[in-house]
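Just below is one structure, and these are the notes that go with it.
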Amino acid sequence: MDRSNATLCSEDLELQKNQAENLEETNTLRKRRNSASSLPEDEPDITKIKTDCDGPENEKKNDDGNIPQLVKKREEAEKFPKLYRLLRDYEFITKGLSAKQPDAKEDVATHVATGNKRGYSSQYISTCAKLYNAESFRSLKLNSAYKWDMKHIAKIDVESLKGDVKIIDLTTNKLRIKYEINEKEVNEKFHKFADSHQEVLLVGIVPPSCLKLIECTGVVPDLDNSCSDSDDSIDFELLFVRDSHNSNSDSD
(Lines give C-alpha, C1' and ligand atoms only; values in the text may rest on other atoms or scores of the structure.)
Protein backbone atom coordinates (compact mmCIF):
# COMPACT_ATOMS: atom_id res chain seq x y z
CA MET A 1 0.00 0.00 0.00
CA ASP A 2 2.76 2.36 0.81
CA ARG A 3 4.55 1.47 -2.38
CA SER A 4 1.37 2.16 -4.35
CA ASN A 5 0.93 5.54 -2.65
CA ALA A 6 4.52 6.39 -3.38
CA THR A 7 4.02 5.56 -7.01
CA LEU A 8 0.94 7.74 -7.16
CA CYS A 9 2.71 10.64 -5.51
CA SER A 10 5.54 10.28 -7.95
CA GLU A 11 3.10 10.31 -10.87
CA ASP A 12 1.34 13.37 -9.45
CA LEU A 13 4.59 15.22 -9.13
CA GLU A 14 5.50 14.31 -12.69
CA LEU A 15 2.10 15.44 -13.90
CA GLN A 16 2.39 18.74 -12.04
CA LYS A 17 5.83 19.24 -13.48
CA ASN A 18 4.55 18.61 -17.00
CA GLN A 19 1.64 20.95 -16.41
CA ALA A 20 4.00 23.62 -15.18
CA GLU A 21 6.21 23.20 -18.22
CA ASN A 22 3.20 23.31 -20.52
CA LEU A 23 1.96 26.44 -18.76
CA GLU A 24 5.37 28.05 -19.12
CA GLU A 25 5.51 27.09 -22.78
CA THR A 26 2.00 28.41 -23.30
CA ASN A 27 2.93 31.71 -21.65
CA THR A 28 6.05 31.94 -23.80
CA LEU A 29 4.03 31.35 -26.99
CA ARG A 30 1.46 33.90 -25.85
CA LYS A 31 4.17 36.49 -25.25
CA ARG A 32 5.64 35.83 -28.66
CA ARG A 33 2.18 36.07 -30.23
CA ASN A 34 1.48 39.35 -28.43
CA SER A 35 4.85 40.67 -29.47
CA ALA A 36 4.18 39.69 -33.08
CA SER A 37 0.70 41.25 -33.01
CA SER A 38 2.14 44.53 -31.72
CA LEU A 39 4.51 44.94 -34.68
CA PRO A 40 1.93 46.59 -36.97
CA GLU A 41 1.33 49.20 -34.29
CA ASP A 42 5.05 49.84 -34.08
CA GLU A 43 5.52 50.05 -37.85
CA PRO A 44 4.11 53.58 -38.15
CA ASP A 45 6.79 54.72 -35.74
CA ILE A 46 9.46 53.04 -37.86
CA THR A 47 7.97 54.60 -40.99
CA LYS A 48 7.85 57.99 -39.27
CA ILE A 49 11.50 57.73 -38.36
CA LYS A 50 12.35 57.00 -41.99
CA THR A 51 10.20 59.91 -43.16
CA ASP A 52 11.93 62.23 -40.72
CA CYS A 53 15.29 61.15 -42.07
CA ASP A 54 14.18 61.84 -45.62
CA GLY A 55 12.37 65.02 -44.61
CA PRO A 56 14.83 67.68 -45.80
CA GLU A 57 14.72 66.48 -49.41
CA ASN A 58 10.93 66.23 -49.44
CA GLU A 59 10.52 69.60 -47.80
CA LYS A 60 12.83 71.16 -50.34
CA LYS A 61 10.76 69.78 -53.19
CA ASN A 62 7.55 71.06 -51.61
CA ASP A 63 9.03 74.45 -50.81
CA ASP A 64 10.12 74.96 -54.40
CA GLY A 65 6.53 74.68 -55.50
CA ASN A 66 4.86 76.51 -52.63
CA ILE A 67 7.12 79.48 -51.88
CA PRO A 68 6.35 82.40 -54.25
CA GLN A 69 9.30 83.61 -56.27
CA LEU A 70 10.40 87.08 -55.21
CA VAL A 71 10.27 89.74 -57.91
CA LYS A 72 13.14 92.18 -57.85
CA LYS A 73 11.91 95.69 -57.22
CA ARG A 74 12.71 98.17 -59.98
CA GLU A 75 15.23 100.76 -58.88
CA GLU A 76 13.31 103.47 -60.76
CA ALA A 77 10.30 102.91 -58.51
CA GLU A 78 12.22 104.40 -55.59
CA LYS A 79 12.52 107.72 -57.42
CA PHE A 80 9.07 107.82 -59.01
CA PRO A 81 6.64 105.08 -57.92
CA LYS A 82 4.14 106.41 -60.45
CA LEU A 83 4.35 107.96 -63.89
CA TYR A 84 1.59 109.86 -65.67
CA ARG A 85 0.56 109.77 -69.30
CA LEU A 86 -1.83 112.30 -70.86
CA LEU A 87 -3.93 110.00 -73.00
CA ARG A 88 -4.75 110.76 -76.60
CA ASP A 89 -8.26 110.18 -77.89
CA TYR A 90 -7.33 106.75 -79.29
CA GLU A 91 -5.62 105.48 -76.11
CA PHE A 92 -7.48 103.44 -73.48
CA ILE A 93 -6.08 101.89 -70.32
CA THR A 94 -8.06 98.70 -70.99
CA LYS A 95 -5.85 98.14 -74.04
CA GLY A 96 -2.57 99.08 -72.40
CA LEU A 97 -0.04 101.51 -73.83
CA SER A 98 2.43 101.03 -76.64
CA ALA A 99 4.51 103.22 -78.91
CA LYS A 100 3.32 104.03 -82.42
CA GLN A 101 6.32 102.27 -83.94
CA PRO A 102 7.89 99.87 -81.41
CA ASP A 103 10.61 98.73 -83.82
CA ALA A 104 11.80 102.26 -84.68
CA LYS A 105 15.36 103.41 -83.97
CA GLU A 106 14.77 107.10 -83.29
CA ASP A 107 17.03 109.03 -80.94
CA VAL A 108 15.71 110.39 -77.65
CA ALA A 109 16.48 114.06 -78.31
CA THR A 110 14.62 114.15 -81.62
CA HIS A 111 11.59 112.41 -80.12
CA VAL A 112 11.27 114.94 -77.32
CA ALA A 113 12.01 117.96 -79.51
CA THR A 114 9.84 117.09 -82.53
CA GLY A 115 7.57 114.27 -81.39
CA ASN A 116 4.42 116.29 -82.08
CA LYS A 117 5.15 116.59 -85.78
CA ARG A 118 2.58 114.87 -87.96
CA GLY A 119 3.91 111.72 -89.57
CA TYR A 120 6.63 111.28 -86.97
CA SER A 121 6.65 108.07 -84.97
CA SER A 122 9.10 106.44 -82.61
CA GLN A 123 9.60 103.60 -80.17
CA TYR A 124 9.04 105.83 -77.13
CA ILE A 125 6.05 106.45 -74.86
CA SER A 126 6.23 109.90 -73.26
CA THR A 127 5.19 110.27 -69.62
CA CYS A 128 5.49 112.82 -66.83
CA ALA A 129 7.24 112.08 -63.57
CA LYS A 130 4.70 114.07 -61.56
CA LEU A 131 0.93 114.34 -61.70
CA TYR A 132 1.17 118.13 -61.59
CA ASN A 133 3.12 118.18 -64.84
CA ALA A 134 0.57 115.96 -66.57
CA GLU A 135 -2.32 118.07 -65.28
CA SER A 136 -0.61 121.25 -66.39
CA PHE A 137 -0.02 119.79 -69.84
CA ARG A 138 -3.69 118.79 -70.00
CA SER A 139 -4.77 122.30 -69.00
CA LEU A 140 -2.58 123.70 -71.72
CA LYS A 141 -4.16 121.43 -74.32
CA LEU A 142 -7.73 122.13 -73.24
CA ASN A 143 -7.13 125.89 -73.06
CA SER A 144 -5.35 126.06 -76.39
CA ALA A 145 -6.97 127.24 -79.58
CA TYR A 146 -6.58 123.78 -81.08
CA LYS A 147 -8.81 122.06 -78.48
CA TRP A 148 -7.01 118.76 -78.61
CA ASP A 149 -9.05 115.97 -77.10
CA MET A 150 -6.53 115.02 -74.41
CA LYS A 151 -8.49 114.99 -71.17
CA HIS A 152 -7.78 111.84 -69.22
CA ILE A 153 -4.56 110.82 -67.54
CA ALA A 154 -3.24 107.29 -67.03
CA LYS A 155 -1.36 106.59 -63.82
CA ILE A 156 1.35 104.00 -64.36
CA ASP A 157 2.55 101.77 -61.53
CA VAL A 158 6.31 101.68 -62.17
CA GLU A 159 7.04 98.85 -59.74
CA SER A 160 4.62 96.57 -61.60
CA LEU A 161 6.23 97.12 -64.99
CA LYS A 162 7.98 94.08 -66.45
CA GLY A 163 11.73 94.03 -66.58
CA ASP A 164 11.79 94.28 -70.37
CA VAL A 165 10.18 97.74 -70.25
CA LYS A 166 13.02 100.24 -70.48
CA ILE A 167 12.75 103.49 -68.49
CA ILE A 168 14.64 106.57 -69.63
CA ASP A 169 14.79 109.31 -67.00
CA LEU A 170 15.07 112.78 -68.52
CA THR A 171 14.12 114.82 -65.45
CA THR A 172 17.50 116.49 -64.93
CA ASN A 173 20.04 118.15 -67.20
CA LYS A 174 22.75 115.73 -66.06
CA LEU A 175 20.65 112.74 -67.14
CA ARG A 176 19.82 114.31 -70.52
CA ILE A 177 23.31 115.27 -71.67
CA LYS A 178 24.22 111.80 -72.93
CA TYR A 179 21.23 111.86 -75.31
CA GLU A 180 22.24 115.07 -77.09
CA ILE A 181 22.86 114.92 -80.84
CA ASN A 182 24.91 117.09 -83.23
CA GLU A 183 22.09 119.58 -83.80
CA LYS A 184 22.05 122.59 -81.52
CA GLU A 185 18.43 123.57 -82.14
CA VAL A 186 17.18 120.05 -81.46
CA ASN A 187 19.21 119.84 -78.27
CA GLU A 188 17.85 123.15 -76.99
CA LYS A 189 14.24 122.07 -77.53
CA PHE A 190 15.02 118.66 -76.12
CA HIS A 191 16.23 120.12 -72.82
CA LYS A 192 13.45 122.70 -72.57
CA PHE A 193 10.57 120.33 -73.26
CA ALA A 194 11.94 117.46 -71.17
CA ASP A 195 12.48 119.79 -68.23
CA SER A 196 9.04 121.39 -68.60
CA HIS A 197 7.24 118.06 -68.61
CA GLN A 198 9.64 116.29 -66.24
CA GLU A 199 9.66 113.75 -69.01
CA VAL A 200 10.32 110.04 -68.59
CA LEU A 201 10.26 107.78 -71.63
CA LEU A 202 9.15 104.17 -71.71
CA VAL A 203 10.22 101.63 -74.30
CA GLY A 204 8.03 98.54 -74.40
CA ILE A 205 4.44 97.60 -73.69
CA VAL A 206 2.61 98.84 -70.60
CA PRO A 207 -0.11 96.27 -69.78
CA PRO A 208 -3.57 97.29 -68.53
CA SER A 209 -2.77 95.81 -65.10
CA CYS A 210 -0.23 98.61 -64.53
CA LEU A 211 -2.64 101.41 -65.42
CA LYS A 212 -5.27 103.37 -63.55
CA LEU A 213 -7.42 106.08 -65.09
CA ILE A 214 -7.53 109.59 -63.67
CA GLU A 215 -10.61 111.00 -65.37
CA CYS A 216 -11.01 114.65 -66.23
CA THR A 217 -13.63 116.24 -63.98
CA GLY A 218 -14.59 118.73 -66.67
CA VAL A 219 -13.02 121.62 -64.78
CA VAL A 220 -10.04 123.08 -66.58
CA PRO A 221 -7.61 124.70 -64.12
CA ASP A 222 -6.08 128.05 -64.94
CA LEU A 223 -2.65 127.88 -66.48
CA ASP A 224 -1.15 129.97 -63.68
CA ASN A 225 -1.77 127.25 -61.12
CA SER A 226 -1.08 128.86 -57.77
CA CYS A 227 -0.41 125.55 -56.00
CA SER A 228 2.78 124.91 -57.94
CA ASP A 229 6.21 125.42 -56.47
CA SER A 230 9.49 126.33 -58.13
CA ASP A 231 10.52 122.70 -58.65
CA ASP A 232 7.31 121.87 -60.50
CA SER A 233 7.00 125.08 -62.50
CA ILE A 234 6.15 124.77 -66.18
CA ASP A 235 7.42 127.06 -68.90
CA PHE A 236 4.03 127.51 -70.55
CA GLU A 237 5.44 129.79 -73.21
CA LEU A 238 7.66 126.96 -74.37
CA LEU A 239 4.73 124.56 -74.43
CA PHE A 240 2.61 126.95 -76.47
CA VAL A 241 5.46 127.35 -78.92
CA ARG A 242 5.75 123.58 -79.18
CA ASP A 243 2.03 123.25 -79.89
CA SER A 244 1.85 126.14 -82.32
CA HIS A 245 4.65 124.65 -84.37
CA ASN A 246 2.84 121.31 -84.50
CA SER A 247 -0.86 122.13 -84.72
CA ASN A 248 -1.53 118.95 -86.69
CA SER A 249 -0.11 116.75 -83.98
CA ASP A 250 -0.22 113.00 -84.15
CA SER A 251 2.59 112.21 -81.76
CA ASP A 252 3.52 109.58 -79.25
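Observations on the model:
- Only residues that are open to solvent by 20 Å² or more (accessible area, probe 1.4 Å), touching a residue at least 60 places away in the same chain (Cβ under 8 Å) and either out of contact with any helix residue (DSSP H, G or I) (no Cβ under 6 Å at 6 or more places or on another chain) or acidic (D, E) (or both) were counted across the stretch 205-220, and they come to 6.
- In the condition set (1) over 18 Å from A99 (Cβ atoms); (2) open to solvent by 80 Å² or more (accessible area, probe 1.4 Å), R176 is compliant with all but (2).
- All of L175, L131 fail the test of being in contact with a strand residue (DSSP E or B) (Cβ under 6 Å, 6 or more places away or on another chain) and under 19 Å from I93 (Cα atoms), apart from L131.
- As a summary of the residue check, A194 satisfies the conditions (1) at pLDDT below 60; (2) of a type in the set (G, A, S); (3) surrounded by 18 or more Cβ atoms within 10 Å (Cβ to Cβ) except for the one numbered (1).
- All positions within the stretch 80-114 that are part of a loop (DSSP other than H, G, I, E, B), closer than 21 Å to L131 by Cβ and either touching a helix residue (DSSP H, G or I) at 6+ places or on another chain (Cβ under 6 Å) or not aliphatic (A, V, I, L, M) (or both): F80, P81, R88, D89, E91, F92, G96
- Options S122, S126: the member that is open to solvent by less than 60 Å² (accessible area, probe 1.4 Å), touching a residue at least 60 places away in the same chain (Cβ under 8 Å) and more than 26 Å from the chain's Cα centre (by Cα): S122
Listed here are the residues, each with its yes/no results for (1) small (G, A, S); (2) within 54 Å of the chain's Cα centre (by Cα); (3) open to solvent by less than 60 Å² (accessible area, probe 1.4 Å); (4) at pLDDT 55 or above.
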| position | (1), (2), (3), (4) |
| --- | --- |
| T28 | no, no, yes, yes |
| R32 | no, no, no, yes |
| D42 | no, yes, no, no |
| C53 | no, yes, no, no |
| P68 | no, yes, no, no |
| P81 | no, yes, no, yes |
| D103 | no, yes, no, yes |
| H111 | no, yes, yes, yes |
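The values are calculated or read from the model by the stated rules, or taken from the named source; none is laboratory data. In this text the structure is predicted, and so the values were computed from the model without any measurement. Quick reminder, even Gly has a Cβ in these numbers, built from the backbone with ideal geometry, and neighbours come from all protein chains shown. Please note that ligands, DNA and RNA were not included when accessible areas were found on the heavy atoms of the full protein model with its side chains. Shrake-Rupley method; radii C 1.70, N 1.55, O 1.52, S 1.80 Å.
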